[in-house]
Amino acid sequence: MTSARCGGKRIKVVSIVGARPQFIKAAPLSRVLRAGADEILIHTGQHYDDNMSRTFFDELEIPRPDHHLGVGSGSHGLQTGLMLERIEKILLDEKPDAVLVYGDTNSTLAGAMAAAKLLIPLAHVEAGLRSFNRAMPEEINRVVADHCADWLLCPTQTAVENLRREGVDRGVHLTGDVMFDAALRFAGLAETRSRVLETLSLRKDGYVLCTVHRAENTDDRSRLGGIVQALRRSGRTVVFPLHPRTRKMLEGWGLAEDLSAASSIRLIDPVGYLDMIRLERNASAILTDSGGVQKEAYFYRVPCVTLRNETEWVETVRDGWNRLAGTDPDAILQALDNSAVPAEAAFSFGDGRASETIVRLIHENF
Ligand code: UD1
Ligand code: UDP
């Protein structure tokens, strides 16, 4: 990659991350970006526990953030407002040529709004995703970020079409998915470094992996209760790394005891990315409401049951690797029992070089 110049200088890009999946997406992209541009990394502090943040920087060798905003948890308005105020100050100070945001979290929303108001060109990685469910905070964040962005970097053809239906076609590019870049880049390292199967005495195909963290599931007792019931009734060994939000809500709803009473259910703390890859690749099936985990199941060809009523990642369902079950225990168990492996080998998330494509597109504009 040759250095891009802006008025005779290397271009300066401010990248904004804050939540676990954004650290993973930034790992491959930041490496390519820094080869030809100056990157200033902002960590909003949305995720702050070591196992939700620091572990990823260490394991994936992500450069230390230049600015840590320490925003922490709070209501949507408070969290987004604090980020917006602090990001704006930094952008005024750093005067970057472009700002780059990832995905659909409150950190994405704040970064996008701060850049748009200061008229700084904005790149949105993972543009065009839609669940068509405005009750999800992420859906609002995505729509706003997309409508602020100058470069809309779409992981899939469906994302491009979603934008076209909203009348957005300027600056839209099909790039492939940076999460697939990361999945390819770190799979080998996960095999050599991770000891998680040995530590938990698990064998290949001997367990189901489960993750849950969506507000629509954790904050609704009946939905979270449905998932708990399904896990208990499945009779399978279930490995369940608990997002801090889920741990808190299981306790709050009085469901934690139910879950830990079942000896087949292994509740563990959130794991690092390398352990997670190894857990995913060796599971007989994955139950999840996570966007990233649905895709990784697809990348690694592990049958997935999604604990939601809809998904943004429609290709995973269309290509036969993912079933939508919602949170009704019968529907979950039926989907789990029918999670056969499809015969057709379709692949919809790019060629593993989305980071290179994105960086090239940014450079071409300077
Ligand atoms: C956020 C994103 C979601 C993304 C997810 C990835 C928004 C609106 N949601 O959801 O899109 O899929 O990250 O994991 O941006 N907590 C801790 N320690 C931490 C972080 C969180 O204890 O390090 C607890 C706090 O009680 C907090 C709760 O988890 O209130 C929720 O955290 P928050 O970042 O608001 O939302 P997530 O559910 O993590
Ligand atoms: N992940 C992880 N450890 C865990 C759970 C998830 O490393 O204990 C990784 C997972 O492999 C994926 C990403 O975190 O790459 C997904 O993040 P999350 O589910 O928090 O958010 P979403 O993708 O739904 O926004």
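Once C-alpha pairs closer than 8 Å and six or more residues apart are averaged by separation and normalised to the residue number of the chain, the relative contact order reads 15 percent. Kindly state, to the nearest 0.05, the FRET efficiency for Asp337 paired with Asp169, given R0 = 56 Å and r defined as their beta-carbon distance. E(calc), rounded to 0.05, equals 0.85.
As a rough guide to protection, the peptides 216-227, 351-362 ranked by mean Cβ packing within 10 Å, highest first, stand as 351-362, 216-227. Simple point charges give the picture: +1 on the Cβ of Lys and Arg, -1 on the Cβ of Asp and Glu, and for the chain a dipole about the Cα centre of about 360 debye. When all alpha carbon pairs of segment 247-364 are counted in 10 Å bins from zero, the resulting P(r) reads 12, 35, 34, 13, 5, 1 %. Simple rule: put +1 on each Lys or Arg Cβ and -1 on each Asp or Glu Cβ in segment 1-84, find the dipole, and look at His47, Ser75, Ile16; the Cα lying farthest toward the positive end is Ile16. A dipole drawn for segment 98-204 from +1 and -1 charges on Cβ atoms has a positive end, and of Gly188, Asn162, Asn141 the residue lying farthest that way is Gly188. Taking one quarter of the surface of the C-alpha convex hull of segment 323-366 gives a mean projected area of 5.4 nm². Placing a pseudo-label 7 Å from each Cα along the Cα-to-Cβ vector at Ser260 and Gln157 gives an inter-label distance of 4.9 nm. Peptides 191-197, 53-59, 305-311 ranked from most to least packed by the mean count of surrounding Cβ atoms within 10 Å: 305-311, 53-59, 191-197.
Rounded to two decimals, the Cα radius of gyration of the chain over 2.2 N^0.38 Å is 0.97.
Per-residue Karplus couplings for segment 77-93, computed as 6.51 cos²θ - 1.76 cosθ + 1.60 with θ equal to phi - 60°, are listed in order as x, 5, 4, 5, x, 4, 4, 4, 4, 6, 5, 4, 4, 5, 5, 5, 6 Hz, Gly and Pro entered as x. Stretched out straight at 0.36 nm per residue, the stretch from Asp269 to Ser284 would grow longer than its current Cα-Cα span by 3.3 nm. Placing dummy labels 7 Å off each Cα toward the beta-carbon, the span from Glu88 to Asn309 is 3.7 nm.
Restricting the calculation to Cα atoms, segment 145-186 yields a radius of gyration followed by a Dmax of 11.5, 37 Å.
Phi angles across segment 160-172 convert, under the Karplus curve 6.51 cos²θ - 1.76 cosθ + 1.60 with θ = phi - 60°, into 3J(HN,Hα) values of 4, 5, 4, 5, 4, 5, 8, x, 9, 9, 6, x, 8 Hz, Gly and Pro given as x.
The shape of segment 1-122 can be summarised by an equivalent ellipsoid whose semi-axes, obtained from the alpha carbon gyration tensor, come to 23, 18, 10 Å from longest to shortest. Here the label points at Lys248 and Arg360, each 7 Å from Cα along the C-beta direction, are separated by 4.3 nm in the simple model.
Treating the Cα atoms of segment 87-147 as identical point scatterers in vacuum, please give the log10 of the normalised Debye intensity I(q)/I(0) at q = 0.24, 0.29, 0.30 Å⁻¹, two decimals. Debye output, listed in q order: -0.90, -1.19, -1.25.
Panel note: the C-alpha atoms of segment 201-252, placed on their principal axes, show extents of 33, 21, 16 Å (largest first).
Rg ratio for segment 12-56: its Cα radius of gyration over 2.2 N^0.38 Å, N being its residue count, equals 1.15. Computed from the alpha carbon atoms alone, the convex hull of segment 50-169 holds 125 Å³ per residue. If both residues of a DSSP beta bridge must be in the chain, then about 5% of such bridges are antiparallel.
Every number in this text was worked out from the coordinates using simple rules, so none of it is lab data. Note that this is a predicted model, so its numbers are computed, not measured. Every residue, glycine among them, receives a Cβ derived from its backbone with ideal geometry; neighbour counts consider all protein chains shown.
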